[in-house]
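The values are calculated or read from the model by the stated rules, or taken from the named source; none is laboratory data. Because the structure is a prediction, the values reported are computed rather than measured. Virtual Cβ from ideal backbone geometry, glycine too; neighbours counted across all protein chains shown.
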Amino acid sequence: MSAEVQVRRSTANDIRVRKGGEPIVALTSYHAHTAHLLDEIVDFILVGDSLGMVMHGLETTLPVTLDMMILQGKAVMRGAQRALVVVDMPFGSYEESPEQAFRSAVRVMKETGCGAVKVEGGRRMAETIRFLVERGIPVMGHIGLTPQAFNTIGGFKVQGRDPHAAESIKADGEAVAEAGAFAIVVEAVVEPLAREITAMLPVPTIGIGASPACDGQILVLEDMLGLSARVPKFVRRFGNLAEGIREAVEAYAAAVRDRSFPAEENVYLPKGGTALPKD
Ligand code: KIV
């Protein structure tokens, strides 16, 4: 008899009720194997459109398509059983109208099985967020630095330095929360402002380059593992996997070149066969 253990997957609501409680831990993942590793440890996994830059070497996230997000969303869902999986809506798949956003989000949710989507933008996206939430799609907001607005912002810049910009980001947070977002990513926003927004909003804020006062934190996995060549100031490298990979690949190359790999334990000898000949 098989003793199958049913694992309950976290939902958007499980994240929403964490407002003001123990910090919410989140990371990005684009693959089944990393999703599997994160699953036991984090509260939610974001299939970020940063995959365009991290996996594909693109300069920005703008060329990322809905099909790319769905492909990697499916992979992450296969790897993770426990954590809530949130999939980013890529540039061009939701901004035109609430109806366009609904069609795109339905594809994402039906084809990946994920529990929520994320959309970038503040007040301008409030109507769309409300439209999605009212139709059964949990939405995570994203304010402050919104990388899909790269061309209008003029680069990846810290947000909210002057009083006018700060008021505008606060109004964005209020509008997105009021529209029904269950949590809001606050990216590259000056620290006191991110703290103030967290205190002000009724839903959890998830900081990235924001404030330790945020209700949770998220980083791009490859950045915090030390795999990315250049990272913003807000990233702490919690590991140095690039070094580990380089050392392993160098050891492999040396073993192939001196024929010490494959060794006897790595080859299939005929039944009753003798050891590899020594030469
Ligand atoms: O695309 C992404 O990885 C993100 C996070 C950086 C929040 O949006």
**Prompt:** What do you reckon, is Val189 within 16 Å of the ligand (Cβ to nearest atom) and closer than 30 Å to Arg8 by Cα?
**Reply:** no
**Residues within region 106-120 that are within 16 Å of the ligand (Cβ to nearest atom), free of Cβ contacts under 8 Å to residues at least 40 places away in the same chain and either touching a Pro at 6+ places or on another chain (Cβ under 9 Å) or in a helix (DSSP H, G or I) (or both), tallied** = 2
**Prompt:** Quick one: is Asp215 among the charged types (D, E, K, R), surrounded by 18 or more Cβ atoms within 10 Å (Cβ to Cβ) and over 21 Å from Asn13 (Cβ atoms)?
**Reply:** no
**Message:** Among the residues of region 117-138, what is the count of those that are of a type outside the set (D, E, K, R), crowded, with 24+ Cβ neighbours inside 10 Å and touching a helix residue (DSSP H, G or I) at 6+ places or on another chain (Cβ under 6 Å)?
**Reply:** 6
**Message:** I'd like to check something: does region 237-247 contain any residue that is within 14 Å of the ligand (Cβ to nearest atom) and either in contact with a strand residue (DSSP E or B) (Cβ under 9 Å, 6 or more places away or on another chain) or assigned by TED's automatic domain parsing to the domain that holds Ile24 (or both)?
**Reply:** no
**Prompt:** Assuming Leu276 fulfils every condition listed in (1) farther than 22 Å from Ser50 by Cα; (2) outside any loop (DSSP other than H, G, I, E, B); (3) of a type in the set (A, V, I, L, M, F, W, C) apart from one, which condition is it?
**Reply:** (2)
**Cβ-Cβ under 7 Å pairs, at least 6 apart or on other chains, region 176-196 side in a loop (DSSP other than H, G, I, E, B), far side within 16 Å of the ligand (Cβ to nearest atom) and polar (S, T, N, Q)** = Ala188/Gln159
**Message:** Among (1) buried (at least 21 other Cβ atoms within 10 Å of the Cβ); (2) within 24 Å of Lys233 (Cα to Cα), there is one condition Ala177 misses while meeting the rest; what is its number?
**Reply:** (2)
**Complete:** Per the filter on region 18-46, residues of a type in the set (Val, Ile, Thr) and surrounded by 12 or more Cβ atoms within 10 Å (Cβ to Cβ) are Ile24, Val25, Thr28, Thr34, Val42, Ile45
**Message:** Step by step: first the residues of region 13-72, then only those that are polar (S, T, N, Q) and within 12 Å of the ligand (Cβ to nearest atom), then the one that is farthest from Leu84 (Cα to Cα). Which residue is that?
**Reply:** Thr60
**Asked** In region 130-158, what residues are part of a helix (DSSP H, G or I), away from the ligand (no atom under 16 Å from the Cβ) and under 23 Å from Val47 (Cβ atoms)?
**Response** Phe131, Leu132, Val133
**Message:** Let me confirm something: among Gly141, Gly79, Gly113, which residue is at pLDDT 95 or above, under 25 Å from Ala175 (Cα atoms) and either buried (at least 17 other Cβ atoms within 10 Å of the Cβ) or out of contact with any Cys (no Cβ under 9 Å at 6 or more places or on another chain) (or both)?
**Reply:** Gly141
**Asked** Between a first residue in region 138-155 that is of a type in the set (Gly, Ala, Ser) and a second residue that is modelled with pLDDT under 95, which pairs have beta carbons less than 7 Å apart while being 6 or more apart in sequence or on different chains?
**Response** Gly144/Gln159; Gly144/Gly160
